[in-house]
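Only one structure is covered here, and it is reproduced in the block below.
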Amino acid sequence: MNIDYSFSVAPMMGYTTPHGRYLYRLMSKKAVLFTEMVASKALVKGNQKKILFKNKKENPIILQVGGSDDYELRASSELAEKLGFDGINLNIGCPSKKVQKGKFGVCLMKESKLVNRLIKSMKDETNIDISVKCRTGVDNFNEYEFLKQFVNEVSNAGCNIFFIHARKALLKGLNPAQNRTVPKLEYEKVYKLKEDFPE
């Protein structure tokens, strides 16, 4: 299925539970919907049917996962395709303490070579779209060249869809809600990135 990602408005919504997604689908037939972020470990070891419950009318829908383990992310990708998701999104934008403790989320922006390897592993297991959600930077790694190098490294693994939260994240001193509002918006970096990676 060819997805028109210009209609990817769901990540801006407050809730993406199955009930919320059903409501959003009634509002728009074209909007690309995302699940809440699910830890890849939970997908591998938990109740998959309960965690990934969805209505067939929700498509197009992207499974959003967080993780940094090759095996878990490969299994998550295979599961996403098997259950009828249109894509899988690796969340590298979440700054919560729980996510940091699990060594995934935005802290992975500092490890682009690892993310490259993870994306390659995911691509080996599925034919659905693989995308990455990230920030413009993290902590003191906030120069445009850092963001550009990260996107270049990850795109070399075969990922060509990026959703960028136009703020950097601070891993200490701000809670997740503050990380969505306190760091200044940096749209100019996103525009420049689009120029440098037109494909």
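When Cα extents along the principal axes in Å is calculated directly from the model, which label among (i) 70, 42, 34; (ii) 42, 36, 35; (iii) 51, 34, 32 fits? Computed from the coordinates, Cα extents along the principal axes in Å corresponds to (ii).
Among E81, E145, E72, the residue with the largest mean-square fluctuation in a Gaussian network model of the chain, with springs joining Cα atoms closer than 10 Å, is E145. The solvent-accessible area of S28, taken with every protein chain present and a 1.4 Å probe, is close to 40 Å².
For the chain, the share of accessible area belonging to carbon and sulfur comes to 53 percent (1.4 Å probe, ligands and nucleic acids excluded).
Using a Gaussian network model of the chain in which every pair of alpha carbons under 10 angstrom is joined by a spring, one finds that among M37, M27, M122 the greatest mean-square fluctuation is at M27.
Given their separation in residues at 0.36 nm each and the Cα-Cα distance between them, N140 and N127 gain 1.1 nm when the chain is fully extended. Cross-link partners for K194 among the lysines, with Cα-Cα distance under 29 Å and sequence neighbours closer than 8 places in the same chain left out: K29, K30, K103, K110, K113, K120, K123, K133, K148, K168, K184. Using a 10 angstrom cutoff on alpha carbons, build the Gaussian network for the chain and name the most mobile of I164, I130, I51. Sorting by GNM fluctuation, first place goes to I51. Qualifying trypsin sites (Lys or Arg not before Pro) in segment 33-126, where qualification requires a DSSP coil assignment and no more than 15 other C-beta atoms within 10 Å, comprise K103. Counting only protein heavy atoms and a 1.4 Å probe, the chain has 55 square angstrom of accessible area per residue.
Leaving out same-chain residues fewer than 8 places away, which lysines sit with a Cα under 17 Å from that of K50? By straight Cα distance, K50 reaches K41, K82. Using just its DSSP H runs of length 4 or more, each adding -39500 (n - 2.57), the chain gives a mean residue ellipticity at 222 nm of -10500 deg cm²/dmol after division by all residues. Taking the centroid of alpha carbons for each part, segment 130-150 and segment 17-78 are 24 Å apart.
The residues neighbouring K98, those whose beta-carbon lies less than 14 Å from its own, together hold a net charge of +3 under the Lys/Arg +1, Asp/Glu -1 convention.
Rg then Dmax, both in Å and based on the Cα atoms of segment 64-124: 11.3, 32. Using the charge dipole of segment 75-199 (Lys, Arg: +1 at Cβ; Asp, Glu: -1 at Cβ; taken about the Cα centre), state which of F150, V182, A75 has its Cα farthest towards the positive end. The Cα lying farthest towards the positive end belongs to V182. Once the Cα atoms are used to define both axes, helix 112-123 deviates from the longest principal axis of the chain by about 20 degrees.
The values are calculated or read from the model by the stated rules, or taken from the named source; none is laboratory data. What you are looking at is a predicted structure, and each value in this text was computed from that prediction instead of being measured. Positions of Cβ are generated from backbone atoms using ideal geometry, with glycine treated the same way; all protein chains shown enter the neighbour counts. These accessible areas exclude ligands, DNA and RNA; they are computed on the full protein's heavy atoms, side chains included. Shrake-Rupley method; radii C 1.70, N 1.55, O 1.52, S 1.80 Å.
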